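The block underneath contains the structure these notes are about, expressed in structure tokens.
The values are calculated or read from the model by the stated rules, or taken from the named source; none is laboratory data. Values in this document were obtained by computation on a predicted structure and should not be read as measured data. Neighbour counts are summed over all protein chains in view; Cβ atoms, including those assigned to glycine, are modelled from backbone coordinates with ideal geometry.
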Amino acid sequence: MKKLLPAFLGYCLSVFLGIPAGFTQSSQSWTSAEMYQGIKKLNVLGAVLFIAAHPDDENTRLLAYLSKDKLYRTGYLSLTRGDGGQNLIGDEQGIELGLIRTQELLAARRIDGGEQFFTRAYDFGYSKTPEETFTKWDKEKILSDVVWVIRKFQPDIIINRFPLTGEGGHGHHTASGILANEAFAAAADPGKFPEQLQYVPVWQAKRVVWNTFNFGGNNTTREDQYKVDVGGYNPLLGKSYGEIAAESRSQHKSQGFGVPGGRGEAFEYFKATKGDQPVNDLMDGVELTWKRIAGGEAIAKMVDDLSASFDFLHPEKSVKGLVQLYTALNN
């Protein structure tokens, strides 16, 4: 985890200095409010990885809530790039459509605050069952890709969009749930894909939860599941998470997924499929502060000082403190 934070801090520095960072998805400009939120985020060490099969499978309201309200590092792993989907804005199909949908995902993440990941899985079109899907995909190779992302991103919890039992209505969807659950154990096993370990350590997430859903006639939510209201309003950004999600989801232009923004109560439900069921919070049992890192209290104070002294009219005044923080993280 400690190795990941200098990278995020480097991104903050690039924003303040106006220099595009090589590892970012865009050289976009941030508002002062977003810069301030980025600094506050440095004191929250929790990370969440959402896993599904295609572009537009992600729950953008949940991603926005986790990234911009809870301030977790939030990622979306799409197993495919959506090469087999429809295209409402042109005649590109196959690999060319996958390139378009890749850019749509990256644009969506720039809005909802997530990081974007992929595997080498190809979207070959509709599949009835995961067994059929795995005849087209090399399951072991795709599993190794999922394990790689988990070991590199180091999520505390993993959220899969689709269950293991077929309610997702697509073989790719069910396959994504199967792979997410298998990768939970494999990422922590040094005997699985040991060739990765010269680059990344093994990693044990706390739990895997299925983000259950109510898609009209297909309601998998239950009142005994953990639920959280993600429909809140962010006064710092001046938007609700529903409005942020709508803007993010509307980036899927090739799929015609523009939606209006919404405000007000919106519950998401979760059922543990690996590890224990959350009771009070998705991060139950996870240390979210710098206490999880030896000597981290000094870093936490530096971040607190940066937050307290932040000048919204002159955010460039924080650059010196950010450089000092970056240096401290690398010592």
Problem set entry | Any chance Tyr233 is closer than 30 Å to Gly84 by Cα and either at pLDDT below 95 or aromatic (Phe, Trp, Tyr) (or both) | no
Problem set entry | Checking Thr60 against (1) among the β-branched types (Val, Ile, Thr); (2) surrounded by 21 or more Cβ atoms within 10 Å (Cβ to Cβ); (3) within 30 Å of Asp189 (Cβ to Cβ); (4) touching a helix residue (DSSP H, G or I) at 6+ places or on another chain (Cβ under 6 Å), the condition it does not meet | (3)
For this session: Report yes if some residue within the stretch 254-263 is modelled with pLDDT under 95 and part of a helix (DSSP H, G or I); otherwise report no.
Result: yes
Exercise. What number of residues in the stretch 233-260 are buried (at least 19 other Cβ atoms within 10 Å of the Cβ), more than 30 Å from Pro278 (Cα to Cα) and either in contact (Cβ under 8 Å) with a residue 60 or more places away in the chain or among the β-branched types (Val, Ile, Thr) (or both)?
Worked result: 4
Seminar exercise, completed: Among Leu79, Leu88, Leu99, the single one that is over 26 Å from Gln37 (Cα atoms), among the aliphatic types (A, V, I, L, M) and at pLDDT below 95 is Leu88
Seminar exercise, completed: Within the stretch 202-230, residues farther than 25 Å from Ala53 by Cβ and at pLDDT 95 or above come out as Val202, Asp229
For this session: Select from the stretch 284-330 the residues that are farther than 15 Å from Val44 by Cβ, touching a Lys or Arg at 6+ places or on another chain (Cβ under 6 Å) and of a type in the set (Ser, Thr, Tyr) and list them in ascending order.
Result: none
